[in-house]
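Report on one structure; see the data block that follows.
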Amino acid sequence: MIDKKGFFVVLGVLLLAASAAPASDKGVLLDELYEQAQLERQLNWIKSSMTLDYSEYTLPDKVLDTVNQVVRVRYSPLFFRVSMMNTLDEALTVDELLALVEWYNSPLGQKILKLETIANNPFNAPRIQAYIEERLSRQLPRSSRTALIEELMVALDVVEHGTELAATASVGARRILLEVMPVINEGARRPPQALKAREKPAIRRTMSERMKSIFFYTYRSLSDQEIRRYLEFARSSAMQNFQRGQVLAIGRML
């Protein structure tokens, strides 16, 4: 039989063990989040955004071939995973990881992830553009739906995050081009942050309307109530830090 003093000692040990367990399991939670959120699909976006289009450059095909090969080799799944996991480890607490894992395990989290995966696939870009031109150019969704989408965009800070990612990818692609074929162009040799700062205003001007159209397309099958539930989670520290962590990780890679 355990007396009261012994009971409190045992309880204290149990509470200490319980509080220490999440910290020791943080790596497990990160692994689970990485798989559940399908973070590796972002690698497709990175490679697509940094692959040089032959029609847009007057350089020899051999140079463009080399740049695109560097992109394919450098940004491997292992490199991406290690870089993303290290940054998210810094960005997220154990409690936030638990909240994210629970969200992506939920039916709504799974449903939204599926919709976002389809929309973010580079091969789906023509379908999105067709939707924008054929549907949204004729009639926008009702005002209440538009307001929900705009609130979600603000909560996820998609304009700033999208601008940062687009500028980062553009500068990163030019950096690789310089590695393959150095050019006499002092402007191209400026620090990456200076180059991104120069590009961001032009990108930001069109980002808001572009992202709104993409959000209309991506979440078109969700009810207003489902969007409100997503909006509530999007405003949590877990999703806020998750979004910022992903953008920071990709910026560090490129």
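From (1) closer than 23 Å to L33 by Cβ; (2) open to solvent by 70 Å² or more (accessible area, probe 1.4 Å), pick out the condition that doesn't hold for L100.
It fails just one condition, (2).
Which members of segment 212-239 meet the condition of being free of Cβ contacts under 8 Å to residues at least 12 places away in the same chain and part of a helix (DSSP H, G or I)?
Q225, E232
Which one is most open to solvent (accessible area, probe 1.4 Å), of the residues in segment 34-58 that are part of a loop (DSSP other than H, G, I, E, B) and within 23 Å of N86 (Cα to Cα)? Outline the logic, then answer.
Just the residues of segment 34-58 that are part of a loop (DSSP other than H, G, I, E, B), to begin with: 37-38, 51-53, 57-58.
Now restrict to residues that are within 23 Å of N86 (Cα to Cα): 37-38.
Numbers: A37: 3, Q38: 82 Å².
Residue satisfying both the conditions and the ranking: Q38.
Between a residue in segment 199-211 that is touching a residue at least 40 places away in the same chain (Cβ under 8 Å) and any residue that is among the hydrophobic types (A, V, I, L, M, F, W, C), which pairs come within a Cβ distance under 7 Å, given they are 6 or more apart or on different chains?
From residues that are touching a residue at least 40 places away in the same chain (Cβ under 8 Å), the pairs are I203/A166; I203/A167; R204/V159; M207/V159; S208/V159; M211/M153; M211/V158; M211/V159.
Could you pull out the residue among S76, S83 that is hydroxyl-bearing (S, T, Y), surrounded by fewer than 15 Cβ atoms within 10 Å (Cβ to Cβ) and modelled with pLDDT of 90 or more? Full working, then the answer.
Numbers: S83 fails: surrounded by fewer than 15 Cβ atoms within 10 Å (Cβ to Cβ).
Sole residue among the options that is hydroxyl-bearing (S, T, Y), surrounded by fewer than 15 Cβ atoms within 10 Å (Cβ to Cβ) and modelled with pLDDT of 90 or more: S76.
Residues of segment 133-171 being of a type outside the set (S, T, N, Q), modelled with pLDDT under 90, in a helix (DSSP H, G or I) and surrounded by fewer than 16 Cβ atoms within 10 Å (Cβ to Cβ), which ones?
E133, E134, R135, L136
Could you identify the single residue in V73, V101 that is touching a Leu at 6+ places or on another chain (Cβ under 8 Å), in a helix (DSSP H, G or I) and among the β-branched types (V, I, T)? Full working, then the answer.
Details: V73 fails: touching a Leu at 6+ places or on another chain (Cβ under 8 Å).
Exactly one of V73, V101 is touching a Leu at 6+ places or on another chain (Cβ under 8 Å), in a helix (DSSP H, G or I) and among the β-branched types (V, I, T), namely V101.
Would you mind telling me which numbered condition in (1) modelled with pLDDT of 90 or more; (2) open to solvent by 30 Å² or more (accessible area, probe 1.4 Å) V183 fails?
Status for V183: all satisfied but (1).
Within segment 74-92, can you find the residues that are of a type in the set (G, A, S) and closer than 20 Å to Q243 by Cα? Lay out the reasoning, then the answer.
Let us first name the residues in segment 74-92 that are of a type in the set (G, A, S), namely 76, 83, 91.
Of everything in segment 74-92, those that are of a type in the set (G, A, S) and closer than 20 Å to Q243 by Cα turn out to be S83, A91.
Could you please tell me which pairs satisfy a Cβ distance under 8 Å, a separation of 6+ or placement on different chains, a first residue in segment 144-156 that is under 17 Å from V247 (Cβ atoms), and a second residue that is open to solvent by 40 Å² or more (accessible area, probe 1.4 Å) and part of a helix (DSSP H, G or I)?
Partner pairs satisfying both residue conditions: M153/S208; L156/Q243.
Which of the residues that make up segment 232-254 are open to solvent by less than 10 Å² (accessible area, probe 1.4 Å) and either of a type in the set (S, T, N, Q) or more than 30 Å from V171 (Cα to Cα) (or both)?
Within segment 232-254, none qualify.
The values are calculated or read from the model by the stated rules, or taken from the named source; none is laboratory data. Worth saying up front: this structure is predicted, and the values here are computed from it rather than measured. Backbone-built Cβ (ideal geometry, glycine too); neighbour counts: all protein chains shown. In case anyone asks, the SASA skips ligands and DNA or RNA and just uses the protein heavy atoms, side chains included. Shrake-Rupley method; radii C 1.70, N 1.55, O 1.52, S 1.80 Å.
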